[in-house]
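The values are calculated or read from the model by the stated rules, or taken from the named source; none is laboratory data. For clarity, every value in this text was computed on a predicted model and none was experimentally measured. Here the Cβ positions follow ideal geometry from the backbone for every residue, glycine too, while neighbour counts run over all protein chains shown.
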Amino acid sequence: MDNKLSPSILAADFKILGEQINKVDKAGASYLHIDVMDGVFVPSISFGLPVISSIRSATDRIFDVHLMIVDPIRYIGDFVDAGADSITFHLEAAKDPMAVIDSIHKYGKKAGISIKPGTEADALLPYLDKVDMILIMTVEPGFGGQPFIEESYDKIRTLRKLLTERGLNTDIEVDGGITFDNVRKVMDAGANVIVTGSTIFRGDAGENTREMLRLMESFS
Ligand code: DX5
Ligand code: ZN
């Protein structure tokens with residue numbers, strides 16, 4: 001299983017966004033996590049398509065777009081045009097999750113499905129063999145800098161078990177409250193794609209990326 005680090009630019013300094021992306025890219029992060037919030041599915045509004053198009057030329061790294069928006073199917077084509085390589089939507093936000101997965105795949109992109117802390121792992125059963133990635137929210141979606149919800153370890157373990165039982169080695173991404181202190185524990189539970197916002201962008205983004213990758217290395 002491939003381990004990946006996906007720094008979330010939500011926590012970056014937007015007046016020097018290009019420089020910050022450059023730092024995490026040079027330091028070896030293979031994904032860039034891009035949080036899109038609509039003020040409806042989650043209380044806050046982050047940024048949208050023009051920002052993504054504008055940073056596309058800053059890096060060749062994978063754009064890991066996390067849609068926290070209602071009715072995601074309406075916008076799949078737009079996010080593909082803006083430069084998304086992988087699009088993750090919320091199970092709770094989609095009327096027909098299978099149609100969203102199909103739409104993302106029709107564009108030749110990776111499809112991810114996400115669940116909020118209050119949604120049970122079992123809710124994903126119909127989609128386990130259909131998606132490229134499962135994103136387990138380890139905080140309530142909407143804001144960076146929140147503490148990791150401890151119950152998430154069991155959910156990650158349960159999901160990894162459900163996948164393994166089906167002969168699937170689908171990526172499990174975790175997002176929210178991941179720090180230098182708990183990253184190995186979430187990986188031990190079965191996660192292999194790690195999102196970190198504040199841990200990377202508070203302080204020197206390059207140094208923090210290298211430290212996070214060093215901690216993740218022993219699991220590869
Ligand atoms: C929260 C976002 C996260 C957020 C994580 O809704 O999906 O990606 O940026 O931030 P940290 O790592 O600070 O918890
Ligand atoms: Zn996210």
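What number of residues in region 22-34 are in contact (Cβ under 8 Å) with a residue 40 or more places away in the chain and either more than 18 Å from ASP204 (Cβ to Cβ) or among the β-branched types (Val, Ile, Thr) (or both)?
4
Considering MET133, MET137, which residue is crowded, with 21+ Cβ neighbours inside 10 Å and either within 15 Å of ligand 2 (Cβ to nearest atom) or modelled with pLDDT of 95 or more (or both)?
None of the others qualify; the one that does is MET137.
Would you point out which residue out of ASP38, ASP25 is within 16 Å of ligand 1 (Cβ to nearest atom) and buried (at least 18 other Cβ atoms within 10 Å of the Cβ)?
Result of the check over ASP38, ASP25: ASP38.
Return the only residue of VAL65, VAL80 being away from ligand 2 (no atom under 16 Å from the Cβ), free of Cβ contacts under 8 Å to residues at least 40 places away in the same chain and surrounded by 14 or more Cβ atoms within 10 Å (Cβ to Cβ).
So the residue among VAL65, VAL80 that is away from ligand 2 (no atom under 16 Å from the Cβ), free of Cβ contacts under 8 Å to residues at least 40 places away in the same chain and surrounded by 14 or more Cβ atoms within 10 Å (Cβ to Cβ) is VAL80.
Just to be sure before I move on: is PHE180 over 11 Å from LEU5 (Cβ atoms), within 11 Å of ligand 1 (Cβ to nearest atom) and in contact (Cβ under 8 Å) with a residue 12 or more places away in the chain in the structure I sent?
no
Starting from residues that are over 23 Å from ASN182 (Cβ atoms) and within 17 Å of the chain's Cα centre (by Cα), keep the ones in region 128-145 and report whichever is farthest from ligand 1 (Cβ to nearest atom).
Here the answer is LEU128.
Sort out which residues of region 185-205 are assigned to a helix (DSSP H, G or I) and over 14 Å from SER152 (Cα atoms), and write them in order of number.
Residues satisfying the conditions are SER198, THR199, ILE200, PHE201, ALA205.
Identify, from the list GLY177, GLY167, GLY206, GLY197, the residue that is out of contact with any strand residue (DSSP E or B) (no Cβ under 6 Å at 6 or more places or on another chain), surrounded by 21 or more Cβ atoms within 10 Å (Cβ to Cβ) and among the small types (Gly, Ala, Ser).
Selected residue: GLY177, the only one of GLY177, GLY167, GLY206, GLY197 that is out of contact with any strand residue (DSSP E or B) (no Cβ under 6 Å at 6 or more places or on another chain), surrounded by 21 or more Cβ atoms within 10 Å (Cβ to Cβ) and among the small types (Gly, Ala, Ser).
Within region 162-177, take every residue that is touching a residue at least 60 places away in the same chain (Cβ under 8 Å) and within 16 Å of ligand 1 (Cβ to nearest atom) and give me the one that is nearest to TYR127 (Cα to Cα).
Checking each candidate, the answer is ASP171.
Of everything in region 192-220, what is polar (S, T, N, Q) and either more than 19 Å from THR138 (Cα to Cα) or modelled with pLDDT under 95 (or both)? Give them in sequence order.
Result: ASN208, THR209, SER218, SER220.
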